[in-house]
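Worksheet: the structure to be examined is printed underneath.
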């Protein structure tokens, strides 16, 4: 099974927030997630914009899950290193 770490959209029109989730690549964007690993709130204040469980993310990366480009940028923004 091929998995990705990607964003799942919630919120209302023009007020989005996202959950950082691990999903099967065949699932639709807002489909069933395997596990939720964090939150991204683009409208929130800078210190509360991105929150994620580093241990869970690291564990999924070791299992072979690939982050999308957007999630990779968010993880780098929080100075997360996969090693």
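The values are calculated or read from the model by the stated rules, or taken from the named source; none is laboratory data. If you're wondering where the values come from, they're calculated on a predicted model, not measured in any experiment. Quick reminder, even Gly has a Cβ in these numbers, built from the backbone with ideal geometry, and neighbours come from all protein chains shown.
Note on the range 17-27: among residues that are closer than 11 Å to residue 6 by Cβ and at pLDDT 90 or above, the one that is surrounded by the most Cβ atoms within 10 Å (Cβ to Cβ) is 20. For the range 17-26, a residue qualifies if it is outside any strand (DSSP E or B) and under 19 Å from residue 61 (Cβ atoms), and exactly one does: 25.
Checking each residue in the range 64-83 for being in contact with a helix residue (DSSP H, G or I) (Cβ under 8 Å, 6 or more places away or on another chain), touching a residue at least 24 places away in the same chain (Cβ under 8 Å) and either surrounded by 13 or more Cβ atoms within 10 Å (Cβ to Cβ) or closer than 22 Å to residue 12 by Cβ (or both) picks out 67, 80. Among the residues of the range 45-63, the one identified as assigned to a loop (DSSP other than H, G, I, E, B), touching a residue at least 12 places away in the same chain (Cβ under 8 Å) and surrounded by 13 or more Cβ atoms within 10 Å (Cβ to Cβ) is 53.
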